[in-house]
Every structure is written in structure tokens, then in C-alpha cells.
Amino acid sequence: MLVQALAGKSVVAALQSSGMSGWIGIAPLIFIFAVFYFLLILPQQRRQKKWQAMVDQLKTGDKVVTSGGIRGTIFAMKEDAVTLRVPPDNLKLEVTRASIVSVTTEEVATK
């Protein structure tokens, strides 16, 4: 760059030509970040919002599945925990709300 400026080109022309190569070098990084955002980050945020809405709508009597695979019916609720009644002996377990993975419907339970 300095050699070109000394060889008869102006300093401004030499700086302008090097500025374009800077953007060309950053463009692949911006593209990679955009791909990661749309393929990984955005779907995870949507899943998190959907799960949070499901946890906020829990009520007594809902049949749920925990992350450990325990299936039960919500018997009582606290601020950060729920008490599940687990068949066949109606055992009562207290689990955190964060461990609830899904709410099962009546149609799924009958199959």
C-alpha cells in the first residue's frame, strides 16, 4: 500500500482500495453470525418462550411429565414448585416447575 502511494498514486486512492478489502474480510464473519442466529439462536428463543408460557399456565389437575420421565397429576402448587400425585400408589412428589417438560392431554393418556 505504501509502495503504491509512493509509486505515483495518491495516498487517498491507496487508502480507498484498502478499505474495500477490509469489508470483504469481515463479510464472511457477518454471514456466519447471521446463519448461526437464524438456525440456532432464534429457534431456541422461540422454544424457551413457548415452554415459559406452558409453565405459567399450569394448574391443579393437569397431567405432566418431568425431565426425569416421571408422569403425574398436579396436586398442589407453590411459587417455584409443584406437588405431583404419581400412580399407582398416589405417591406425592414435590418437583420444581423448571423440571416440567410437557403437559399431557387426555387423548394422549388414553392411548
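Observations
- Test result for T66, surrounded by 10 or more Cβ atoms within 10 Å (Cβ to Cβ), touching a helix residue (DSSP H, G or I) at 6+ places or on another chain (Cβ under 8 Å) and modelled with pLDDT of 90 or more: yes
- Any hit, the range 104-111, residues being modelled with pLDDT under 95, in a strand (DSSP E or B) and surrounded by 10 or more Cβ atoms within 10 Å (Cβ to Cβ): yes
The values are calculated or read from the model by the stated rules, or taken from the named source; none is laboratory data. Since the structure is predicted, the reported quantities are computational estimates derived from the model, not experimental observations. All Cβ positions, glycine included, derive from the backbone under ideal geometry; neighbour counts span all protein chains shown.
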